[in-house]
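Following: one structure in structure tokens, then a few remarks.
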Amino acid sequence: MELFKALNLFNQGKYEDCTTICTNLLKKNPLDQTVWVLKMRALTLQIYVDDIEGEEEGIAESLLDNYTISSMPRPGTSLKNPGTSFTGQYLRPKTQSGRPLTGVVRPATQSAMSQSIEQTLKTPRTAMTARPITASSSRSVRLGTASMLTEPGGPFIQLSRLNISKYASQSCIAKPLFEYIYYHEHDVRYALDLAVQATQVCQYKDWWWKVQLGKCYYSLGLIRDAEQQFKSALKDSKTIEVILRLVRVYVRLDQPLTALETCKKGLEYFSNDVNILTEMGRIFDSLNNMSMSLKYYKIIAQEDASHTEAIASIGIQHFYNDQPELALRYYRRLLQMGVYNAELFNNLGLCCFYAQQYDHVISCFERAISLSTDETMADIWYNISHIALTIGDITMAEECLKLAIVSDNRYALAYNNLGVIQIRNGNITAARTYFHAAANIANFLYEPHFNSAYLAYKVGDLQTSYIAVQKSLSTYPNHADSKTLLNKLERYFTYM
Amino acid sequence: MSQLMDNSAEKIDVILPRQILLYQEENLDYILCKPKLIPLKSVTLEKLEKMQKDAELKMREAVEYSNENNNE
């Protein structure tokens, strides 16, 4: 009866209650394997997350990457250095790690471009990037330790005392045991041990174990071994999960073209599958190929009309393409779908303002502020300062920018705009300091470089201006104003 | 923005006034950083953060509980 109740609770998704019943049952009869497996499953599902989506790259992986094939890849063939083969939207602001903003936060957007060690180390690991210093799965390790600490009477299974070879031969226990070790205990080494022995028992015929082996290799950083396992699993059975994992392997190896090829092959078997299409959209996005990325996101939106990532990505694309009224429609759709958070209200407020629907602007931003957390506060105040600037209230804009800096003192965009305001007020020294601060924090932005170049040019410090304008052109080669300034400077230098 | 310009294939006739002089002048000016839309959070990320918060809360409770027991 008790067991039936536990099973029922498990089916209803009430894993905590199920676990308590199982614990009581195990106290009575510690050798009952049914209850043991049930408790294992319940504990695993309690903290199960989609690990393909939740993956993130730590500093160790992005910095000490020894799989790089070429340090100077041809343009358009690398994610870390997309080059100028496609002109992205330079109007788009960048995140703190220097990537252009994307519609939603997703695995790869949080990683920095590891072009220089200095830049990677300088990128702060605050809430805005949320990147762990240590190697992969660090977040999951943290989750694992927390869940183990809260278990009264020590961990459920003592991994060091487990007779792995015994359980590897029992296939119906081995699989839940593996998932328990991998997802709940986060002990990849034991999981790998179990997977190796279990795949030997079934004579390398079970594709499921190959995938698990690949997962273990991937999180241990043995990317090439993972690739082999996934490929071999794909030969036995075509599944979307394995295709996605293989694509991730190629993204990690910085081979976007192979990744796209894999996606296309996958689409032959699973035509118009949303997950694979999303992956393609993301890869094109990080190659700065906005038009292709938009194309795929549109296909996704047709397949699945409530796909948050696709809608948000199309929205942000329209906004920075000077079509705020279209962006507004997409964000409004998200609101209809039930997304209710500070980020969305901030975006709605901005879209309303630039689409000249002034009546909603204030209420949107009020809601955004009331819902906001420490992560989004700086962004919201920064955006309000834009509205204040546009209606001509310079004092309010200054206050807002200062509030943004109070929430996040490495907010380069706010420093730059404060500098521009200071110039209007006639404080040249203060403005120069702000521009320098902005350029130091985020040298991937072109605005502060150009502004300090123009300021130096006005004052007559031509050499400084020349250096700064070259930095500006290196981050945004087609910036017209920078080119004009450079021409003027060159003309001066030839006179001399 | 750049895409829009590329697509505009239509040509507009140039109108030149006959009598007065026409000036065209472009002035450089300081530029502002653009407004920033905030990326939304995916369902997985929200779940992860929620789990992390819950875990922290549970740990704190456990620590407080053990502290109370030790004091008694």
Where A:Ile380, A:Ile240 fall by accessible area, highest first, once all protein chains stay in place (1.4 Å):
A:Ile240, A:Ile380
Across the range A:164-248, what fraction of all alpha-carbon pairs, as a whole percent, falls in each successive 10 Å bin from zero upward?
20, 52, 27, 1
With every protein chain in place, what's the accessible area of A:Lys483 (1.4 Å probe, Å², nearest 10)?
90 Å²
If amide H atoms are built 1.01 Å from N in the plane of the peptide, which residues on other chains or at least 5 residues away come under 5 Å of the amide H of B:Lys41?
A:Val105
As a test of the definition: with a 1.4 Å probe, what buried accessible area, both sides summed, do you compute for A against B, in Å² to the nearest 100?
4700 Å²
Per-residue accessible area for A:Ser165 at 1.4 Å probe radius, Å² rounded to 10?
70 Å²
Just to be sure I follow: if Rg is taken over the C-alpha atoms of the range A:429-495 and Rh is the Kirkwood radius over the same atoms, what is Rg/Rh?
0.96
If only Cα atoms are counted, what is the Rg of the range A:328-420, and what is its Dmax, in Å?
13.1, 40
Across peptide B:43-55, what mean number of C-beta atoms from other chains lies inside 10 Å of a residue's C-beta?
6
Using a 1.4 Å probe on heavy atoms of the protein chains only, the accessible area for A:Glu2 in Å², nearest 10, reads 80 Å²
State in Å² the accessible area per residue of the range A:141-237; use a 1.4 Å probe, count heavy atoms of protein chains only, and round to the nearest integer.
47 Å²
Counting only protein chains, not ligands or nucleic acids, how are A:Thr464, A:Thr34, A:Thr95 ordered by accessible area (probe 1.4 Å), most first?
A:Thr34, A:Thr464, A:Thr95
Within straight cross-link reach of B:Lys53, meaning Cα distance under 28 Å, which lysines are found once same-chain residues fewer than 8 apart are removed?
A:Lys14, A:Lys39, A:Lys94, A:Lys122, A:Lys215, B:Lys36, B:Lys41
Between the alpha carbon centres of the range A:184-212 and the range A:289-354 the gap in Å comes to 41 Å
Explain nothing, just compute: Karplus ³J(HN,Hα) = 6.51 cos²θ - 1.76 cosθ + 1.60, θ = phi - 60°, for every residue of the range A:475-484 in order, whole Hz, x for Gly and Pro.
8, 9, x, 9, 5, 5, 5, 4, 5, 4
In nm, the gap between the two label points placed 7 Å beyond Cα toward Cβ at A:Asp187 and A:Lys298 is 5.3 nm
Per-residue HN-Hα couplings for the range A:255-272 [Karplus 6.51, -1.76, 1.60; θ = phi - 60°; Hz; x = Gly/Pro]:
10, x, 5, 5, 4, 5, 4, 4, 4, 5, 4, x, 5, 5, 8, 10, 5, 6
Expected unfolding gain across B:Tyr23-B:Ala62 under the 0.36 nm per residue rule, minus the alpha-carbon gap, is 6.4 nm
Report ³J(HN,Hα) in whole Hz for each residue of the range A:274-288, in order, from the Karplus equation J = 6.51 cos²θ - 1.76 cosθ + 1.60 where θ = phi - 60°; Gly and Pro get x.
5, 5, 5, 4, 4, 4, 5, x, 5, 5, 4, 4, 7, 7, 6
In what sequence, largest accessible area first, do A:Glu399, B:Glu10 appear using a 1.4 Å probe?
B:Glu10, A:Glu399
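The values are calculated or read from the model by the stated rules, or taken from the named source; none is laboratory data. Here the structure is a predicted model, which is why all the values come from computation and not from measurement. Because the Cβ atoms are built from the backbone with ideal geometry, glycine has one as well, and the counts that use them run over all protein chains shown. Just the protein is used for accessible areas: all its heavy atoms, side chains included, with ligands, DNA and RNA removed. Shrake-Rupley method; radii C 1.70, N 1.55, O 1.52, S 1.80 Å.
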